Amino acid sequence: MIPAAFDYSRPQTLEEAVNLLAQHGEAAKLLAGGHSLIPALKLRLAQPKTVIDIGRIADLSYIREQDGRIVVGAMTTHHAIETSALLEEKCPLLPEVARHIGDVQVRNRGTLAGSIVHADPAADWPAAILALDAEMETVGPDGPRVIAAKKFFVDLFQTALRSDEILREIRFPVTAKSVAYVKTVQRASGFAIAGVAVVVDAPRMTVSVGITGVAAKAYRATAVETKLAGQSLSAENMAAAAAKAANRVEPLGDIHASSEYRAHLAQLNTRRALVLAASRA
Amino acid sequence: MIIQGTHTIAAAPAHVFDRLMEPAFLQQAIPGCEKLEKTGEDEYIAHLKLGIGSIKGSYAGKVRLTDRQPPHKFTMHLQGSGGPGFVKGTSAIELKAEGEATELHYSANVQVGGLIAAVGSRVIEAVAKKLAGEFFLKFSAIVEHDVKPER
Amino acid sequence: MKTSVNIRVNGTSRTHDVEPRLLLVHFLRDLCGLTGTHVGCETTICGACTVLLNGQAVKACTILAVQADGGEVTTIEGLASNGRLHPVQEAFWECHGLQCGFCTPGMILASVELLQHNPRPSREQITHAIDGNLCRCTGYSHIIDAVQSAAKKMARPEKAK
Amino acid sequence: MKSGTSNGYFGQALKRVEDPRLIKGIATYVDDLRLPGLLHAAILRSPHAHARILGVKTEAAKNLPGVAGVFTGTDINPACGLVPCASSMPGLKAPRHTMLAGDRVYFVGHPVVVVVAASPAIARDALDLIEVDYDSLPAVTNPEKALEKDSPLTHPDQGTNVAFTWLLANGDVDGLFAQADRVIKQRIVHQRLTPMAIEPRGCVASYHAGEGSLTLWTSTQIPHLLRTLLPGVIGVAENKIRIITPEVGGGFGSKLDLYVEEAMCSHLAMRLGSPVKWIEGRRENAMSTIHGRDQIGDYELAVKNDGTVLAIKARTIADIGSYLQLLTPTIPTLTGLMICGCYKLKAVRFELTGVYTNKMATDAYRGAGRPEATYAIERLMDLAAAELGLDPAKIRQKNFPKPGEFPFQTATGLMYDSGNYQRALKKAQELARWDALLRQREQARQAGRLFGIGLSTYVEICGLGPSKIMAAGGWEWGCVRLEMSGKVTVITGTTPHGQGQETSFAQIVGDRLGVPMEDIVVLRGDTASAHYGRDTYGSRATAVGGTALIMSVDKIIAKAKILAGALLGASAKKIDFRNGRFWVKGKPKNAIDWKRLGQEAYEAKNLPANLEPGLEASSFFEPKNCTYPFGTHIVAVEVERETGDVKIVKYVAVDDCGPQVNPLLVEGQVQGGIAHSLGQVLFERTVYDENGQLLTGEFTDYPMPRARDIPEYVIGSTVTPSPSNPMGVKGVGEAGTIGANPAIANAVMDALAPLGIRHLDLPLLPEKLWRAIEEKTAGRKMKKPRSQS
């Protein structure tokens, strides 16, 4: 319950934060909402020498439409996303996913960037980040850099973010209403056993499918997408495509769900999410 | 927990086997290995610093080899502990000539205990596989690099 | 290295030099002497430590005191005003919404937050709002009753006293 | 109820008097205590299930500024006694249960080193500086394999993993099985559970060197038993020990023990001359507070074709963990004693083997042995009904004792005090709208849905009990004092921790004395004021503790009549008493009240000769029998084919706990009890891996019911008074847990029955159901997953 001691700094600007990170290197951890880091600190699984609190940097919490895209600041909480009228209108998958995260208290504090940088293989956001082809804009000593969703989640708890970089903003496309997130929850922790985010692009006759909780990292179910590309979204087509949701991945197994059941849920929830998204078209 | 895998290394079994017995080579390949010293016949001590995301820990361990039958097989016993818990395991390693290359098969019975076992059950197998994968990837690269000039 | 932290707790300004690792829940319990906020787990699950931070329900076991610096906190001790129970407190009492009482402060504050922005919640909205609060005694039924009853109380115009 | 009942508190759904402090956040739990000079203890625990300790290095921890002491088993064990077990089972093998581990550790969580420091943070930091060199050994984790010849041993020095064997045999079992038309056989695994009270354990010990007295504040259900047991561990005499139980944040049986931490903090407070506090973390709680259940039973029920049940046989293995806690061996014997359930079985044979494994000890967890019995017999009754093609309600009715047959002696030798099982069943069926429910099932099944109805008729044992069946006395103590001011102080030897006895006892006493509840204070949980008591467990507080209060009230009334007679110039026999007033028969206008009597009793100027001053009486109530609450629960569920998820669509509970002092509290107990069972049936389980690592050590891995899981209940009751005590009350703390378990499980199995699925063990996790459904419908054989035990 009591973290190991650490030093603390609270930069006022991103530039200051980047400098601090450069200065302390691997010994430092960034603190956003703290809902991934603080539990690890309390269990002493994480024992950074320095914690850099980016929570007070002005203007890192925003949701706006900009150049035809939706941009969300790093410090935006799950709650802000859940209740955003703009997102409900322009990118409804985000509030839908947000509603599935943790509980009210966690959503009030936890942040979008904090969660995706932690890259827990069972977190909800990665499914949406992948399905929406989001872009992550980072800032580091060499200036800003943009990482595509497909390249962002590298492995278990590992992202393409370098240790001297800070995730500043996440950018999403504007979508129609034809999106859905269907999740089987690990009832003790609230994380996903299998969470499937689907975006149906009806005009282009494509779907994109992001799946979390099933494998060591969230992934795009490309086999499902290929199978459905250019096809009508009939019940049969969707079911046949959804059956490929766990193709070429190694599902994890634990006391909450075996790998076989996870694979099954990936398929089932994919079918259900496809049906739901299609019904919203 | 049983972790097994097969890796093909572009070198002859005898060469691969020899390299597997050399601490200096192994240290380069073992993820997070800061120190690997031979302390006796077929006995070593190791210091590892391993991190998965923000979960980092230091481990000290002992390695013992038995059933050594060069260049075909050996058994490795490992016992290590650190802040977040302990690891204990036995791995049977078999090498088979596959043309000019070696097919290495390992089958490890690994026991993880303490905090990592308790909080990490969801991902521990994935972590173990990942670490094993990293080891063999690096080891192959080193061994292959090591033999290439001789051709 | 200690850092000075100022938090307005139940309307009173509290300034203490703290270690950065100090959790908000320990700031409240150990430095402010407000022991109504409880600790039931280490993993942000049970919700016994729920307080309102700047009006929002949060789990005080997963916030560093330094993060709450400059903020306003309402704990269970600050809910009653002028010696009168908050309607949610009253309703928990009337509906037998508690047994051992350990989860109760957190449960009440989570319910208060719900009713702040949803004055007439459905049963499902109530269970959603207290999803982050575990109770091992009551089986929740009476808690749900209590929140519904509190909503009714709060909807009624205050009787002049 | 007789005398002074004018207030009519008994039976009223009154708000609780303990609530204001709890809802304001100003109640005092152990962790809220602040003492001058307080030191904080933290415990280093074994990460191994079984290992030899080769060495412990504590220098670095000792040198950390703020550390007051670092102690290993070598430092502490010789100065302390052993953790006691109250069971006196013949042939019981008991390992030496020391404060800290000696040269071996026997379970994950076994205390190895204790640090005492100026702050919790320093104590925690010091733990990281301690190095323990372990040589890990094979762990015993499977209780059945533990009985095989070549199994490793949990305690090698004992030469066996068998802790005890116990046989309950009555009647001509073999003869009746020979007469049976059918034998229903089923193996049932009762999974291990973790109680998970939301408040973990904790204690503060303070030693007064001048007096040589020790005060221990602890989150416990049993301050009095601790006071009896602690002297043997720490060497302080019973009359120099005061145990105070402040607010307790849930117990469910898990705080019904003397734990090493309580003894160790007491010892350290004496040793260091400063008060010492220890507060359990959640992970520690999961590892080192007792677990519940964990039996494997092979059951056989002999039945006739007409549904008459004849006899039952069971061979049961109880996985009791590595040590004996207070009641560890006793709990599974309660399963044996209650195995006949509500039915007129003629013979029983229950063979029990207690097995040591490298896990935390099991002990009483809500229901304590009875849920296993009820679940087993109720599953068997359903299986019998299914095999014989009988209605599950009718086969039960057929085998109930008739109301006129009570007191009813069971084949296990218990004497059920009173009952009308038919009435509870009938009422539950009415509330459930049974026929409509059957039609609903039929329609659902025709539509291809998996809809099931489950029934359980249960009886349980409460109000423990006559002293002859209890290790340390089955009586209860209570004291009632009319103060000089006319206020009333009630002191109970029971130790409520959420049940609300400050309210229900005030109701009982208020009625009988004719005193308003506002004038009554109920004290509990402090051995300095509650001199004696046997505490709270087994749903005994109202039946046994409440009766001790009634006896005391009656003593006061009798004495008050003498005093009133003296004041009014009449003999006590001529004094009438009602509504808190005393008068000479026929002259109610000249009545005197308690206030006057209080003043007279203590000023003592007008006392009759030979009458002592004061108006205080205490009593020990020794019940002649236990009480046997019963009831019927009916549940309807729907199982989702594609996921295996279970949804409870209807829940009806009819419980009979005798007359209800406060129906609101009864309802709260029933609902809370059902929630524990809902968790047990659908998702709760304690998981150790094959090496003895605990995988359910946090709330993130041990799922418990949340608000969203709770169905809307239909709750009813019947009232069949118990002859075991004057109020006729029976107890209701565990009824919900005992009755709910088989009802929910039977409903799920009924939903799956059309697929040809006969039985699945608890918890009925979605994956388990999905696999069973897949195997039956898709016809594919599923691999047994590693992770599903």
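General observations
- Cα Rg, Dmax (largest Cα-Cα span) when computed across region C:87-155, Å: 10.3, 30
- Sparse-neighbourhood loop sites, GluC sites (Glu not before Pro) in region B:1-71 - DSSP loop, at most 13 other Cβ within 10 angstrom: B:GLU41
- Panel values: chain D, Kirkwood radius from alpha carbon pairs, Stokes-Einstein at 37 °C and 0.692 mPa s, translational diffusion coefficient 118 µm²/s.
- Using alpha carbons only, the radius of gyration of region B:54-151 set against its Kirkwood radius gives Rg/Rh = 1.03.
- Segment D:LEU64-D:LEU92, length gained on full extension (0.36 nm per residue, minus Cα span): 5.7 nm
- In region A:1-90, the inverse of the mean reciprocal separation of distinct Cα atoms equals 14.6 Å; this is its Kirkwood hydrodynamic radius.
- Alpha carbon centroid spacing (whole Å) that separates region D:45-69 from region D:154-215: 32
- Between D:LYS398 and B:ILE2, the modelled labels are 4.8 nm apart [label points 7 Å from Cα along Cα→Cβ].
- The label-point distance for D:GLN179 and D:SER119, in a model that sets each label 7 Å from Cα toward Cβ, rounds to 7.5 nm.
- Within region D:211-296, GluC sites (Glu not before Pro) in DSSP loop having at most 10 other beta-carbon neighbours inside 10 Å: D:GLU211
- Sites listed here are trypsin sites (Lys or Arg not before Pro) in region D:83-158 whose DSSP assignment is loop and whose Cβ has at most 14 other Cβ atoms within 10 Å: D:ARG96, D:LYS149.
- On the basis of the beta-carbon distance and an R0 of 35 Å, D:ALA528 and D:THR165 show a calculated FRET efficiency of 0.25.
- Once the Cβ-Cβ distance of C:ARG8 and A:GLU89 is raised to the sixth power relative to R0 = 45 Å, the FRET efficiency obtained is 0.80.
- Per-q log10 I(q)/I(0), region A:7-56, q = 0.18, 0.26, 0.27 Å⁻¹ (Debye; single scatterer per alpha-carbon; no solvent): -0.51, -0.97, -1.03
- Karplus (6.51, -1.76, 1.60) ³J(HN,Hα), θ = phi - 60°, over region B:130-135, in Hz, Gly and Pro reported as x: 4, 5, 4, x, 4, 4
- Taking the number of Cβ atoms within 10 Å of each Cβ as an exposure proxy, the fewest-first ranking of A:LYS42, D:LYS768, A:LYS177 is A:LYS177, D:LYS768, A:LYS42.
- Over all distinct Cα-Cα pairs of region D:646-789, the Kirkwood formula returns a hydrodynamic radius of 17.4 Å.
- For the pair region A:196-223 / region D:391-453, the C-alpha centres are spaced 50 Å from each other.
- Here, region A:179-279 has an Rg and a Dmax of 12.8, 42 Å when only alpha carbons are counted.
- Efficiency of FRET between D:LYS585 and D:LYS555 - r from beta-carbon atoms, R0 25 angstrom, step 0.05: 0.70
- Two-decimal Rg/Rh across the protein assembly as shown, once Rg and the Kirkwood Rh are taken from alpha-carbon atoms: 0.98
- Values of log10 I(q)/I(0), in the order q = 0.10 Å⁻¹, for chain C under a Debye, Cα-only, solvent-free model: -0.36
- Within the protein assembly as shown, percent of DSSP bridges classed antiparallel, to nearest 5: 85
- Each label was represented as a point 7 Å from its Cα along the Cα-to-Cβ direction; for B:THR39 and D:GLU690 these points are 2.8 nm apart.
- Near-label residues of region A:59-86 by backbone N, under 20 Å of a point 7 Å along Cα→Cβ of A:GLU15: A:59-61, A:74
- q = 0.10, 0.13, 0.15 Å⁻¹, chain A: log10 I(q)/I(0) [Debye, one scatterer per Cα]: -0.50, -0.84, -1.09
- Peptide D:612-621 shows a mean partner chain C-beta count of 0 within 10 Å per residue C-beta.
- Percent breakdown of C-alpha pair distances by 5 Å bin, ordered from the shortest bin, for region D:475-553: 3, 18, 32, 26, 15, 5, 1, 0
- For region C:3-78, the extents of the C-alpha atoms along the principal axes are 29, 25, 20 Å, listed from largest to smallest.
Since every read-out is calculated from the coordinates, none of them should be taken as a lab result. From a predicted model like this one, the values you see are computed outputs, not experimental measurements. Here the Cβ is made from the backbone with ideal geometry for all residues, glycine too, and neighbour counts use every protein chain on show.
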